[in-house]
Amino acid sequence: MTKQFTLTIDGVQVTVPEGTLVVDAAKLAGIDIPVFCYHPKMEPAGNCRMCLVEIGRPVLDRASGQAVMENGQPKIQFMPKLETACTNTVSEGMVVLTQTEKARDGQKGTLEFLLTSHPLDCPICDKGGECPLQNLTVEHGPGKSRFLYDEKLHFAKQVPLGELIWLDRERCIQCARCIRFQDEVVGEAVLGFEERGRSTQIISLSEPGFDSVFSGNTTDICPVGALTTADFRFGARPWELSASASICSQCPVGCNTTLNTRREAKAGGGIVVKRVMPRQNEEVNEIWMCDKGRFAHHYAESQQRLVKPSIRQAKASWTDAFELVTKNFESSRSDVVVLASGRLSNEDLFNLKSLADGLGGRSILYTDMGGGDLTALVGVGQGTDLGKLGKGDVLLVVASDLYEEAPIWYLRVKQAADRGATLIVANARATKLERFAKYAIRYANGDELKTIAGLHGDGKIAQEFANAQNAVVFYGGDGLGLGGTTDLAPACAKLLKDTNHIGRANNGLVGVWQRANDQGAWEMGFRPEADLASALKGRVVYIVGADPAGDDPALALALKGAKFIVAQDILETLTTQMADVVLPAQAYTEREGSYTSGERRVQRFYAAVPVRGEAKADFAIAGEIGRRLGLNMENGSARITFDRLAANLKDFAGLDYNKLAEVKPQWPIVGRGDLYYGGTTYENKQGLGVQLSTAAERGETVSLPEVRKDSALRPKEDELLAVPVTKLYDLGATVSSTGLLCQRIGAATISLHPEAAKRLGLEAGMRVALSFDGLGGEALVKIDDTISAGVALVPRSMGLAVREPVSVRVQILAEAKVN
């Protein structure tokens, strides 16, 4: 066990582990020491001097090393000067005084200096109401300044560091929290200081500006109003906002969030989401979130929202729509195909699966990635926390670009490597995570299985994996489609099983899914279909939360051959335009439900805003259709639907909404009462979720599919193999409808090796035509010297329907470069 030290802070005795900083020890004792530059998630800097306190230490006898006693107590010697609580670690018998006249004078002096050139714009500052500087000035600052107003320095007040984050240079107090967060936590040093002394300013060091997917977090930890987000600045006052707990719906991490809402005149008096904030869950996203999760919520308020049912593009009543749907479902029954995506909640997917089963039809998961059945067998065990992995542990990331696919997992895996964990990154191309890896394995496209097979045996990397205390494998679809990932998953599962890294916490397999609740869909019994086009032709198709027609012309063609199409979605899409009946669904901001993350953690989200128009929850629509067909299904309550789900699925046994809402103490302690310590992150009072147990964990027999020996499709000589990769900001419906992110989305691209580009007579920026499998499209050329000369990278959901590795032809459309 870690050595413990006992000290006294303002008369309160507290025992904490060796290495604890005085400021953190005080926090554990319920005593708040004011800080600006210090943050519990970063290394101490000692910049601001706000945490000045008196620190006394026992006097030690030089000969014996024992404390010198005085009147039966250890003799305490205080330093003549104040010390910073954020840079001093505790020691046995230490005495800390935070409220003496000397300490308070030090804190008052620090604030007086900070305010010498700080603007007096609190009434219009976005931080007003949740501003650490404002709060600490009231509590610790002088009532009157001795400095002249005319001596204040004035700087630019509206400086865009990037298109998402704005800087007010007058408000900045040079605490360097934003710089240190990007450097220490993220590993992207894209911010820095310029000039010196009172002229010191924050600048962006990247092109484009503030080039990081974690930029929004700097506004949370900024202790003043210097950094603000483009969508919230001058938008509302913090005290006007209501807070509702939610879960991010953009990727499989399952970040805990808070939706801040307000009634707004611009919305016709309606209640709208003004901003999305992180909500603390140390086992999931800690106190961070990525920019996609922070800004993409605007799609829920898009003008393209579906708000009323329609029949063959004409507005209709729910009664008429339900009657036509049930008539066609009843007459077809076993010919009904339910095609659903991981954008839906557990409750939605359970009801949709029940409907398909009740009709004798098929339930198909709309995805390009397989293996979700194996994560239920050998996934990470209950109690898994990536934040606990370090020296002696191994993380393997294969065929996945975590930075683009699941940014918070990237962040947490990178931090595990910082703590000493062995990170192995295996991919056919370079990714950002590779910089932090101890071993970077660069395989040829098609050699994924061969690479995993090489981790069995006597090699150095294989031995380090086998001998690890804990091992977690993240596998994804970078360069692969459904077939490739379906083969890769059992290879990864076998590696874990053979090295005894299954059946317990911090060990197992994690799928880096394309959508937030793909894992939940697998848990409900949905499975993907290799030949989806054939499965849709001639059938009655019920499409929920997916746009196959917009994603792939081949699927659009298949849907033209369907007998009857019901499309159920939030936004208008090409698929809804083809449908016979369109049913409007509620956004996740308008309803309650639950998601199952990639780590198989079931988490609950809550309604934050009123329902748009006549939209209904997906589970309720499916439940009503089922009832009209004589099936015993719930159509009103998400809570009751979850109870039914838990009663029918072994892995969910014993769970209910109350269980998902349970919380426990977390460190660091954050809350709205001391914003200067942890930032504006919300304390979690609405639920940390529950991780599902795996078959291996329950001691059940684990039988894995046989691992294929042959390689997947590889590039041939004088041929380009186009492979799909994931881009964080794409043309997906939930992102493209958010105008704020348009600059990040950009145009469709194709990445080529310099040799391949030279052979084809191409240069970066040229517009080219692509043709493959009878399909085609246009893209801009990018050059990437980390990929194979026979491979072309094509981002998913950017208008080019490359869903599996496929041979592609490239032709120049225009000689001129497109800027």
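The values are calculated or read from the model by the stated rules, or taken from the named source; none is laboratory data. Keep in mind that what you see is a predicted model, and the values were worked out from it rather than measured. Virtual Cβ from ideal backbone geometry, glycine too; neighbours counted across all protein chains shown. Side chains are part of the model used for accessible areas, which takes the heavy atoms of the whole protein and leaves out ligands, DNA and RNA. Shrake-Rupley method; radii C 1.70, N 1.55, O 1.52, S 1.80 Å.
Please determine, by comparing only the residues of segment 624-677 that are open to solvent by less than 40 Å² (accessible area, probe 1.4 Å), assigned to a helix (DSSP H, G or I) and not aliphatic (A, V, I, L, M), which one is nearest to GLY129 (Cα to Cα).
TYR676
Assess whether ILE621 counts as being among the β-branched types (Val, Ile, Thr), closer than 30 Å to SER332 by Cβ, touching a residue at least 12 places away in the same chain (Cβ under 8 Å) and in a helix (DSSP H, G or I).
yes
Being in a loop (DSSP other than H, G, I, E, B) and either surrounded by 17 or more Cβ atoms within 10 Å (Cβ to Cβ) or in contact with a Phe, Trp or Tyr (Cβ under 9 Å, 6 or more places away or on another chain) (or both) is true for just one of THR137, THR116. Which residue is that?
THR116
Collect the residues in segment 682-719 that are over 28 Å from ALA399 (Cα atoms), among the acidic types (Asp, Glu) and open to solvent by 80 Å² or more (accessible area, probe 1.4 Å), keeping them in residue-number order.
Selection gives GLU683 alone.
Would you check if there is a residue in segment 20-39 being part of a strand (DSSP E or B), open to solvent by less than 40 Å² (accessible area, probe 1.4 Å) and either hydroxyl-bearing (Ser, Thr, Tyr) or more than 30 Å from ALA226 (Cβ to Cβ) (or both)?
At the first step, the residues of segment 20-39 found to be part of a strand (DSSP E or B) are 21.
Now narrow it down to the ones that are open to solvent by less than 40 Å² (accessible area, probe 1.4 Å): 21.
Then drop every residue that is not either hydroxyl-bearing (Ser, Thr, Tyr) or more than 30 Å from ALA226 (Cβ to Cβ) (or both), which leaves none.
Checked against the condition, which is being part of a strand (DSSP E or B), open to solvent by less than 40 Å² (accessible area, probe 1.4 Å) and either hydroxyl-bearing (Ser, Thr, Tyr) or more than 30 Å from ALA226 (Cβ to Cβ) (or both), segment 20-39 yields no hits at all.
What number of residues within segment 191-212 are part of a loop (DSSP other than H, G, I, E, B), open to solvent by 10 Å² or more (accessible area, probe 1.4 Å) and in contact with a strand residue (DSSP E or B) (Cβ under 6 Å, 6 or more places away or on another chain)?
Going through segment 191-212, the residues part of a loop (DSSP other than H, G, I, E, B) turn out to be 195-196, 200, 205-212.
Those still in the list that are open to solvent by 10 Å² or more (accessible area, probe 1.4 Å) too: 195-196, 200, 205-209, 211.
Next, only the ones that are in contact with a strand residue (DSSP E or B) (Cβ under 6 Å, 6 or more places away or on another chain) stay: 195, 200, 205.
Of the residues in segment 191-212, 3 are part of a loop (DSSP other than H, G, I, E, B), open to solvent by 10 Å² or more (accessible area, probe 1.4 Å) and in contact with a strand residue (DSSP E or B) (Cβ under 6 Å, 6 or more places away or on another chain).
Can you go through ASN88, ASN47 and tell me which one is within 40 Å of the chain's Cα centre (by Cα) and modelled with pLDDT under 95?
Working: ASN88 fails: modelled with pLDDT under 95.
Only one candidate qualifies: ASN47.
Quick one: is SER64 free of Cβ contacts under 8 Å to residues at least 24 places away in the same chain and of a type in the set (Ser, Thr, Tyr)?
Considered against the rule, which asks whether it is free of Cβ contacts under 8 Å to residues at least 24 places away in the same chain and of a type in the set (Ser, Thr, Tyr), SER64 comes out as yes.
Quick one: in segment 387-415, which of the residues that are surrounded by 23 or more Cβ atoms within 10 Å (Cβ to Cβ) and small (Gly, Ala, Ser) is nearest to GLU188 (Cα to Cα)?
By that ranking, first place goes to ALA406.
Using the structure shown, decide if LYS560 is touching a residue at least 12 places away in the same chain (Cβ under 8 Å), open to solvent by 20 Å² or more (accessible area, probe 1.4 Å) and more than 28 Å from the chain's Cα centre (by Cα). Talk me through it step by step, then tell me what you get.
Values: touching a residue at least 12 places away in the same chain (Cβ under 8 Å): yes; open to solvent by 20 Å² or more (accessible area, probe 1.4 Å): yes; more than 28 Å from the chain's Cα centre (by Cα): yes.
Spelling it out, LYS560 is indeed touching a residue at least 12 places away in the same chain (Cβ under 8 Å), open to solvent by 20 Å² or more (accessible area, probe 1.4 Å) and more than 28 Å from the chain's Cα centre (by Cα).
Yes or no, residue by residue, for (1) more than 18 Å from ASN506 (Cβ to Cβ); (2) in contact with a Ser or Thr (Cβ under 7 Å, 6 or more places away or on another chain); (3) without any contact (Cβ under 8 Å) to a residue 24 or more places away in the chain:
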{"position": "TYR443", "(1), (2), (3)": "yes, yes, yes"}
{"position": "ASP447", "(1), (2), (3)": "yes, yes, no"}
{"position": "ALA453", "(1), (2), (3)": "yes, no, no"}
{"position": "HIS456", "(1), (2), (3)": "yes, no, no"}
{"position": "GLY459", "(1), (2), (3)": "yes, no, yes"}
{"position": "GLN463", "(1), (2), (3)": "yes, no, yes"}
{"position": "PHE474", "(1), (2), (3)": "no, yes, no"}
{"position": "GLY477", "(1), (2), (3)": "yes, yes, no"}
{"position": "LEU480", "(1), (2), (3)": "yes, no, no"}
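From the residues in segment 475-506 that are touching a helix residue (DSSP H, G or I) at 6+ places or on another chain (Cβ under 7 Å) and not in a helix (DSSP H, G or I), which one is farthest from ALA376 (Cα to Cα)?
LEU480
Taking segment 483-522 as the region of interest, how many residues are buried (at least 24 other Cβ atoms within 10 Å of the Cβ) and of a type in the set (D, E, K, R)?
2
Kindly state which helices (runs of 4 or more DSSP H) lie completely within segment 346-416 and contain at least 3 residues that are within 17 Å of TYR595 (Cβ to Cβ).
Numbers: elements: 346-359, 372-378, 402-405.
Output list reads 346-359, 372-378.
Evaluate segment 121-130: report whether one residue or more is part of a loop (DSSP other than H, G, I, E, B), open to solvent by 50 Å² or more (accessible area, probe 1.4 Å), more than 17 Å from PRO223 (Cβ to Cβ) and not assigned by TED's automatic domain parsing to the domain that holds ASP10.
no
Which condition does ASP183 not pass, out of (1) touching a Lys or Arg at 6+ places or on another chain (Cβ under 8 Å); (2) open to solvent by 50 Å² or more (accessible area, probe 1.4 Å); (3) not in a loop (DSSP other than H, G, I, E, B), if it passes all the others?
Looking at each condition in turn, ASP183 falls short on (1).
Might you check whether a residue that is of a type in the set (A, V, I, L, M, F, W, C), farther than 19 Å from THR485 by Cβ and in contact with a strand residue (DSSP E or B) (Cβ under 7 Å, 6 or more places away or on another chain) occurs anywhere in segment 397-412?
Within segment 397-412, none of the residues are of a type in the set (A, V, I, L, M, F, W, C), farther than 19 Å from THR485 by Cβ and in contact with a strand residue (DSSP E or B) (Cβ under 7 Å, 6 or more places away or on another chain).
Does segment 67-82 hold any residues that are open to solvent by less than 60 Å² (accessible area, probe 1.4 Å) and among the hydrophobic types (A, V, I, L, M, F, W, C), and which are they?
Within segment 67-82, ALA67, VAL68, ILE76, LEU82 meet the criteria.
Where the second residue is among the β-branched types (Val, Ile, Thr) and the first is assigned to a loop (DSSP other than H, G, I, E, B) and lies in segment 542-554, which pairs have Cβ atoms under 6 Å and are six or more apart or on separate chains?
The qualifying pairs are ASP547/THR573; ASP547/THR575.
I need the full set of residues from segment 525-534 which are open to solvent by 10 Å² or more (accessible area, probe 1.4 Å) and either touching a strand residue (DSSP E or B) at 6+ places or on another chain (Cβ under 8 Å) or not assigned by TED's automatic domain parsing to the domain that holds LEU339 (or both), in order please.
GLY525, ARG527, PRO528, GLU529, LEU532
Taking ASP105 as the residue in question, decide whether it is out of contact with any Cys (no Cβ under 8 Å at 6 or more places or on another chain), on the phi < 0 side of the Ramachandran plot and part of a helix (DSSP H, G or I).
Yes: the conditions hold for ASP105.
Restricting the search to segment 728-785, which residues are of a type in the set (S, T, N, Q) and out of contact with any Asp or Glu (no Cβ under 8 Å at 6 or more places or on another chain)? Outline the logic, then answer.
Filtering segment 728-785 down to residues of a type in the set (S, T, N, Q) leaves 734, 736-738, 743, 749, 751, 771.
Of everything in segment 728-785, those that are of a type in the set (S, T, N, Q) and out of contact with any Asp or Glu (no Cβ under 8 Å at 6 or more places or on another chain) turn out to be THR734, SER737, THR738, THR749, SER771.
In this structure, does GLY598 turn out to be on the phi < 0 side of the Ramachandran plot, open to solvent by less than 10 Å² (accessible area, probe 1.4 Å), modelled with pLDDT of 95 or more and in a loop (DSSP other than H, G, I, E, B)?
So GLY598 passes the test.
Among the residues that make up segment 797-819, is at least one of them within 20 Å of MET369 (Cα to Cα), at pLDDT below 95, touching an Asp or Glu at 6+ places or on another chain (Cβ under 9 Å) and among the charged types (D, E, K, R)?
Yes, segment 797-819 contains a residue that is within 20 Å of MET369 (Cα to Cα), at pLDDT below 95, touching an Asp or Glu at 6+ places or on another chain (Cβ under 9 Å) and among the charged types (D, E, K, R).
How do the pairs read when you match residues in segment 1-17 that are closer than 19 Å to GLN77 by Cβ and touching a residue at least 60 places away in the same chain (Cβ under 8 Å) with residues anywhere that are of a type in the set (Asp, Glu) and open to solvent by 40 Å² or more (accessible area, probe 1.4 Å), using Cβ under 8 Å and keeping only pairs 6 or more apart or on different chains?
These pairs meet every condition: PHE5/GLU18; PHE5/GLU92; THR6/GLU92; LEU7/GLU92.
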